[in-house]
Amino acid sequence: SQCGIIEAYSGAKSLKFWSTYINPGTGTRQVTINGTSIATAEGASAFQAVTFTNGQAVVTAKYKDAGSLAISMKDQVAHPDLPNGIRGGTGAFVSVPATFQITGIQRTDNGAANPAATTAAGAVFLPAGRPFTATVTALDAEGSATPNFGKETPAESVRLAPNLVLPAAGTLGTTTSTTGFASFTNGVSTGTDFAYSEVGIITLTPRIADGNYLGAGDGAGTTTGNVGRLIPNDFLVATNTPLFLTACSAGTYTYIGQPFGYSVAPVFTVTARAFGGSTTRNYTGAFFKITNTTLTGRSYTATTGTLDTSGVPATTTDPTIVGLANGT
């Protein structure tokens, strides 16, 4: 006549368990109770022995998939006031993937694998802002793929959160995509249009795309090894207006054949950029690669006549190159 635990309900009882898919509304994996698979509908449920002590019993439930579901149970032994037996259930709960695993990181344009550079002298992977491909697998706690992940309504997905490795005190860029991971099949998906906006070496941590899996919060996966080295996609070059210095101190002219120099020396301002035009501020320090050796193909010519270049500084020292520690 009052609400409470029926302590006299003890000993071995034959209960029936079944589960109900909520979101997604169907599935291929069954819940187990104490290691025994249970039905996905009441009509197919089978008796299972459960031992109660003073009205309580502990069972171990396991669901090797993702999504929202509920577990129901009943003792269908007839009771005078309960012709359908004693019934109960867990109510809806959410099973979140235990982790995500990223594999198959490669360039989208030519399929070259990520070299996983460890220093600024490491092999080049990709220009900043250019697309790369990655595959993600949603896993349960035992390392099995969760086939229902990505089949929710609306469908859940995965984003790639970057972590900066090098330069250590650099700017953390952003990982973007237009489509991202495609539809999941058996808990696996591949995306081909991921891009990272900066120069350097990073790792990637897969996370729930919207940060909230069916209302149960975020979930993080296994962080990848190094991705990179990433380099600028191109350089924007701006020039000043240089001015020759007249060599004759007696007037504003230069004698034919007389050496002359600049009153305003030519300056080239070079900005390292990602694909799309944003400045890659990490193109600095050891990642700054412009040197006199890399500037090839320099020549000096005159519109008419013959230009004597014997006084021009050696290409090993000219021009003077200064990195401004901000990608320029």
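Read-outs throughout are calculated quantities, based only on the coordinates presented, and are distinct from any laboratory measurement. On a predicted model such as this, the values are computed, not experimentally measured, just so you know. With ideal geometry, Cβ positions are generated from the backbone for all residues, glycine too; neighbour counts draw on all protein chains shown.
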remark   = Placing one equal point scatterer on each C-alpha of the chain and summing with Debye, one gets log10 I(q)/I(0) at q = 0.09, 0.15 Å⁻¹ equal to -0.69, -1.15
task = Put one equal scatterer on each alpha carbon of segment 193-260, apply the Debye formula with no solvent term, and list log10 I(q)/I(0) at q = 0.13, 0.21, 0.26 1/Å to two decimals.
result = -0.66, -0.98, -1.13
note = For the chain, whose charge dipole is built from +1 on Lys and Arg Cβ atoms and -1 on Asp and Glu Cβ atoms, the candidate among Thr306, Thr20, Ala325 with its Cα farthest towards the positive end is Thr306
message = Taking just the alpha carbons, could you work out the radius of gyration and Dmax for segment 1-74, both in angstroms?
response = 13.9, 42
request  = Determine the distance separating the Cα centre of segment 6-85 from the Cα centre of segment 97-140; give it in Å without decimals.
outcome  = 44
inquiry  = Loop only by DSSP, 10 or fewer other Cβ within 10 Å of the Cβ. Give me the chymotrypsin sites (Phe, Trp or Tyr not before Pro) in segment 183-212 that pass, ordered by residue number.
reply    = none
note = Here segment 174-186 yields Karplus 3J(HN,Hα) values (6.51, -1.76, 1.60; θ = phi - 60°; whole Hz; Gly and Pro given as x) of 10, 9, 10, 6, 8, 9, x, 6, 6, 4, 7, 10, 6
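Using the Cα atoms as the points, what is the convex hull volume per residue of segment 52-112 in Å³? List each step's numbers first, then the result.
Details: hull volume 8.0 nm³, N = 61.
Dividing the Cα hull volume of segment 52-112 by its residues yields 131 Å³.
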inquiry  = Quick check: the distance between the Cα centres of segment 277-316 and segment 200-236, to the nearest angstrom?
reply    = 37
query = Mean separation of Cα pairs under 8 Å and 6+ residues apart, divided by the residue count of segment 178-328: what relative contact order is that in percent?
reply = 20
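Just to verify a number: FRET efficiency for Thr174 and Val237, C-beta to C-beta distance, R0 = 22 Å, to 0.05? Please report the intermediate quantities before stating the final value.
Numbers: r = 25 Å, r/R0 = 1.15.
After rounding to 0.05, the efficiency reads 0.30.
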remark   = Partner lysines whose C-alpha sits under 17 Å from that of Lys151, ignoring same-chain residues fewer than 8 away, are Lys64
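Going from the alpha-carbon gyration tensor of segment 99-213, what semi-axes, largest first and in whole Å, does one get by taking the root of 5 times each eigenvalue? Walk me through the numbers on the way to the answer.
Working: eigenvalues 137, 40, 36 Å².
Gyration-tensor ellipsoid for segment 99-213: 26, 14, 13 Å.
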query = Once amide H atoms are placed 1.01 Å from N in the peptide plane, what residues at a sequence separation of 5 or more from Phe149, or on another chain, have their amide H within under 5 Å of its amide H?
reply = Ala66, Gly187
message = Going by amide H atoms built from the backbone, whose H comes under 5 Å of the H on Ser157, apart from near neighbours?
response = Ala209, Asp210
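Could you state the per residue volume, in Å³, of the convex hull enclosing the Cα atoms of segment 2-127?
Details: hull volume 25.2 nm³, N = 126.
Given the Cα convex hull of segment 2-127, per-residue volume reads 200 Å³.
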task = Output ³J(HN,Hα) for segment 212-222: one whole-Hz value per residue in order, computed from phi by the Karplus curve 6.51 cos²θ - 1.76 cosθ + 1.60 with θ = phi - 60°, and x for Gly and Pro.
result = 7, 6, 6, x, 9, x, 7, x, 10, x, 7
inquiry  = Just to be sure I follow the definition: excluding the sites themselves, where is the longest run in the chain that has none of the GluC sites (Glu not before Pro) in a DSSP loop with at most 14 other Cβ atoms within 10 Å?
reply    = 143-328
ask   = By a straight-distance test (C-alpha under 14 Å), which aspartates and glutamates pair with Lys74 as possible cross-link partners, with residues fewer than eight away in the same chain excluded?
value = Glu42
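Pop out the Kirkwood hydrodynamic radius of segment 174-328 from its pairwise C-alpha distances, inverse of mean 1/r, in Å to one decimal. Can you show the working numbers first?
Numbers: mean 1/r = 0.0485 Å⁻¹.
Mean inverse Cα-Cα distance, inverted, gives 20.6 Å.
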query = What's the Kirkwood radius of segment 275-328 in Å, using all Cα pairs?
reply = 13.9
key: FRET E, pair Thr99, Thr60, Förster distance 22 Å, beta-carbon r, rounded to 0.05   = 0.55
